[in-house]
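Here the structure is laid out as structure tokens; the discussion comes afterwards.
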Amino acid sequence: MKALFLIKSLDLHEPLGIMQISSSLKNLGIETKAVITSEEKNLIEKVKNFNPDLILFSTTTGAHKYYLNLCRLLKKELKFISIFGGPHPTFFPEIAEEECVDFIIRGEAEEAIGDLIKKIQKGEKDIKKVWLGDYPQNLDSLPFPDRTLLKDYEYLLPRGVRFFMTSRGCPYDCTYCFNAFNKKLTKGRYLRQRSVENVIKEIKEVKNNFHLEKVNFQDDTFILNKRWLEEFLKIYKKEINLPLYCHIRPNLVDEIIIKDLKDAGCYYVVLGLEVGNDYIRNKILKRNMSKQQILNTCKLLRKYNIGFTTQTMMCLPEETLDMVFETIELSAKCKPTHINLYFYQPYPKTELANYSISRGLFDGNFDRLLYTYQAESKNEIPLNIKNKQKFKLLSDIFRVCVKFPFLIKFIKFDIKYIPLNPISRILRTFLNGFYFIKYGFVK
Ligand code: B12
Ligand code: SF4
């Protein structure tokens, strides 16, 4: 049997979920291959040449329209069984009603995919269409992700950077995030941690077989388990000793953690600042985090010379323009290396999406969501909020204000009262141009 993963783009990351499923399939004796569809001029030919029995689609909400269209198109050209998995089918199983979808697996699929394929191989009739994966309780028992799957597309990944996951799950219940609902899908423990030895073994294997310069941990909250972290970082320093990157949550940070991370080679972290307004952050988003915790974390990161990105959001339910300026003010005080800004997207089954629907801010049509939700005036704001145009214009000048906070007062007046005045438009364009020349696109 042959299985093909079709992936729109890598977005500079190794897709660990897909690589994990590829390992499970290989263990069943199935040949696997991945094709990055945006890289192929003649995709249909390429697919036909491989002649897969199974085509697998891993999709987030927003990317699902692309994959459904692709699947429909391919179904017209060749015979195969389609299997959908990943976050969108997990939270929106209604996708199984689409004609081109043969099977979906919700949740973590390492075991379920094996069960499904055995039934297909036996030629069983009436196999159920919607499967729910059992969330593996012992992560050490899983095969390592298949690092050879993307060997033809290495050039799409940052050179020397490899991606790892040391845990699954998150104990928090932020209202916009998938975790709160995801934990309801599992019968067992949701928060699971691999052993230190198991993670070190995987990194060593990668170090020995591939070019490895930097280790990128994708865990939702890498610093959650302090005892584990302390032990891990010591061994990591001794046995791996490569620069590392991870995600941290400011309420979990203390100076010992930041110092330990730095000593182990941490050069960069990402942290969720989300918003400056306390009501939005703690009541609407349930972040359970104070401004002071965010400021202290950023101060420590600067003290230990660790670069960091602050993740921020705007266009949330109940958020006003003044509240976005609070986010700008807090970000400015944090002095981040890079700033990520997104328009809030209501994802299926999240508490905040349900709240948005109940307040008439969102119609519940998840097909309207975007592949990515970077905040820029050319992208759509999904919620039906007042003053959309002003929010969009503010998103364009957000980073400039964070870098040059003395401009905040002026921009506040400008965006609130004269956003479309030609002179203020020219001025904002000039400021953005200056910012771009000085810091480039990504900052
Ligand atoms: C790393 C990461 C990224 C990376 C890499 C993504 C990738 N291709 O893996 C980058 C930065 C590129 C990224 C981008 C985005 N991401 Co992201 N990302 C993550 C993160 C933190 C980890 C993903 C991961 O590696 N998990 C570990 C693996 C083992 O788990 P997994 O991927 O879920 O795979 C398992 C199952 O889902 C399933 N499965 C997965 N694929 C398939 C396929 C088949 C056929 C089957 C049967 C099963 C199956 O089995 C796997 C093994 O158990 C998750 C949160 C999380 N903790 O999972 C968010 C997450 C997936 N991202 C999310 C979002 C919203 C985005 C963006 C829209 C953000 C943006 N700024 O634009 C984009 C979308 C881009 C896209 N291509 O669709 C959401 C998705 C929510 C939703 N309803 O769709 C998540 C869940 C985070 C959240 N807080 O809600 N992301
Ligand atoms: S801490 Fe991060 S990963 Fe955990 S629930 Fe909140 S947003 Fe999601």
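None of the figures in this text is laboratory data; all of them are computed from the coordinates on show. Nothing here was measured: the structure is a model prediction, and the numbers come from that model. Cβ coordinates were reconstructed from backbone atoms using ideal geometry, including for glycine residues, and neighbour counts include every protein chain displayed.
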### Query
Over the Cα atoms of the range 100-166, what is the Rg over Rh ratio if Rh follows Kirkwood?
1.07
### Over 25 Å (Cα to Cα) - which of Lys234/Lys403; Lys333/Lys392; Lys65/Lys286; Lys291/Lys335; Lys151/Lys237 fall in this group
Lys234/Lys403; Lys65/Lys286; Lys151/Lys237
### Query
Can you run phi through the Karplus equation (6.51, -1.76, 1.60; θ = phi - 60°) for the range 338-351 and list ³J(HN,Hα) in whole Hz, with x for Gly and Pro?
9, 10, 9, 10, 10, 7, 4, 10, x, 8, x, 6, 8, 4
### Proportion of all alpha-carbon pairs of the range 50-121 beyond 18 Å (%)
34 percent
### Query
How are the Cα pair distances of the chain distributed, in percent, across 10 Å bins from 0?
4, 19, 28, 27, 16, 5, 1, 0
## Note on the structure
Long-range alpha-carbon pairs in the range 1-129, meaning those over 21 Å apart, account in percent for 35 percent
### Query
Can you run phi through the Karplus equation (6.51, -1.76, 1.60; θ = phi - 60°) for the range 64-75 and list ³J(HN,Hα) in whole Hz, with x for Gly and Pro?
4, 5, 4, 5, 5, 4, 4, 5, 4, 4, 5, 4
#### Entry: D_trans [Stokes-Einstein, Kirkwood Rh over alpha-carbon pairs] for the range 173-265, 37 °C, 0.692 mPa s, µm² s⁻¹
223 µm²/s
#### Entry: Long-range HN-HN contacts of Ile81 with modeled amide H, under 5 Å
Leu54, Ile55
#### Entry: Dmax and Rg, reported as Rg then Dmax, of the range 210-362 (C-alpha, Å)
17.0, 55
### Task
Arrange the peptides 379-392, 84-97 so that the one whose residues have, on average, the most other Cβ atoms within 10 Å appears first.
84-97, 379-392
### Query
Once Lys and Arg get +1 and Asp and Glu get -1 on their Cβ, which of Tyr236, Gly364, Gly123 lies farthest toward the positive end of the dipole of the chain?
Tyr236
### Query
Using only the Cα atoms of the range 65-217, what do you get for the radius of gyration and for Dmax, in Å?
17.9, 49
### Task
List the GluC sites (Glu not before Pro) within the range 1-89 that fall in a DSSP loop (any state other than H, G, I, E or B) and whose Cβ has at most 14 other Cβ atoms within 10 Å.
Glu40
## Note on the structure
Note on the chain, DSSP bridge orientation, antiparallel percent to nearest 5 equals 5 percent
